[in-house]
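Asker: Mind looking over this structure? Questions follow.
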Amino acid sequence: MMDMMEKVRLINEAMEKVDSRYRLSVILFKRARLINQGDQPLAKSKSAKEYFIALNEFLEGYIQWKDKDGEWRGVE
């Protein structure tokens, strides 16, 4: 189980990779919805919540997204 400080640390780390909180939120909630609908998680997480599973996938580089200029980011 994740404690609050660990969740905040992970979110702050993820914020460094995107240009806005809104973009991060959309990326994570879209992936969380897919996990909720049956997609297998691509990364391990201490939390069973789909949002935090998606957050771990994002931080480990499993999720691609388009930035504000339309360039693909994420998987290196």
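Asker: Please name which of ALA43, MET2, LEU59 has its Cα lying farthest along the dipole of the chain towards the positive end, using unit charges on Cβ (Lys, Arg +1; Asp, Glu -1) and the Cα centre as origin.
Answerer: The residue sitting farthest along the positive end of the dipole is MET2.
Asker: Please give the per residue volume of the convex hull enclosing the alpha carbon atoms of the stretch 12-53, rounded to a whole number of Å³.
Answerer: Hull volume over Cα atoms, normalised by residue count, gives 72 Å³.
Asker: Suppose a student asked you for the relative contact order of the chain, using Cα pairs under 8 Å spaced at least 6 residues apart; what percent would you report?
Answerer: 27 percent
Asker: Using the alpha-carbon atoms, what tilt in degrees (0 to 90, nearest 10) does helix 4-15 show relative to the longest principal axis of the chain?
Answerer: For 4-15 against the chain, the angle is about 20 degrees.
Asker: Would you kindly state how much longer the chain becomes between TYR22 and MET5 on full extension, computed as 0.36 nm times their sequence separation minus their alpha carbon distance, in nm to one decimal?
Answerer: Length difference between fully extended and current span is 4.0 nm.
Asker: Dividing the Cα radius of gyration by the Kirkwood radius, what Rg/Rh value follows for the chain?
Answerer: Answer for the chain: 0.95.
Asker: Count of lysine pairs in the chain with Cα atoms under 26 Å apart, counting only pairs 8 or more residues apart in sequence or on different chains?
Answerer: Close lysine pairs found across the chain: 20.
Asker: Further question on the same structure: Can you put LEU55, LEU28 in order, fewest other beta carbons within 10 Å first?
Answerer: Arranged by neighbour count, lowest to highest, LEU55, LEU28 become LEU28, LEU55.
Each value in this text was obtained by applying a stated rule to the coordinates, not by laboratory testing. No experiment lies behind these values; they were computed from the predicted model shown. Using ideal geometry, Cβ is built from the backbone for each residue, glycine included, and neighbour counts are taken over all protein chains shown.
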